[in-house]
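Structure record follows, encoded as structure tokens.
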């Protein structure tokens, strides 16, 4: 039986992070690398993450570490700066666009301050962070010809009663994002973690993409990257386990609604859906903007 395009892509373009060691990335990369962490109230985790990134920088695997802070009251910015990152307050970047409208907006503004030809975005609240998150994401960009966009995937245990078990985390990913992609974008059905905040891409691609301003940024970026470079320009990497703070169930409803609204907006633009209410603010492709 012949496989679907999604199945074929999943077999050909899925990798394990162990294929891409820090030494290999440092030795084989030919382009500069920036790592960016949008952060909000992450003082408990951002220092350890930046510390691991500094080691990668000293090894020659990356060049730039930038934290974009959302005016965190817990000292996130100070912790990140002491650990070795360049820190920007999100409101300082692209101020002519008004108030910052969530994570996607912070990523878009952060992109304007990055100098790398390869860009890696990471979550700043990851617990027990390991450098293989970065080297794994960079691997296909460095070693696989034609790849321009890389998503991470992982197991995400759900902590209950002080213990973590199974893969109960990432509930919006499993219950909303993946089924919606399978229905409306079956070519992307093989993407294991469409809402993962761990993503790496060529700067020239990111500059061409609009950025959904809030929680819908990951699903929007995935669809838009696919529309731009096709499945053959995309890859995904198994990062094994990912632990971070979980949202209460009540908080997941608006997140799921944002993901669905983002997909609906893409369908409407493609002329495949009409008469559905709801519109998200997006920032334009950075290449079309004059940065002061």
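Each value in this text was obtained by applying a stated rule to the coordinates, not by laboratory testing. For clarity, every value in this text was computed on a predicted model and none was experimentally measured. Counting neighbours? That spans all protein chains shown, and the Cβs are built from the backbone with ideal geometry, glycine included.
Looking at the range 5-270 alone, DSSP beta bridges between its own residues are antiparallel in about 30 percent of cases. With Cα atoms defining each centre, the range 67-88 and the range 195-222 are spaced 22 Å apart in the structure. Considering only alpha-carbon pairs that sit under 8 angstrom and 6 or more positions apart, the relative contact order computed for the range 5-270 is 24 percent.
Please sort 40-49, 84-93, 7-16 by packing, taking for each peptide the average over its residues of neighbouring beta carbons within 10 angstrom, highest first.
40-49, 84-93, 7-16
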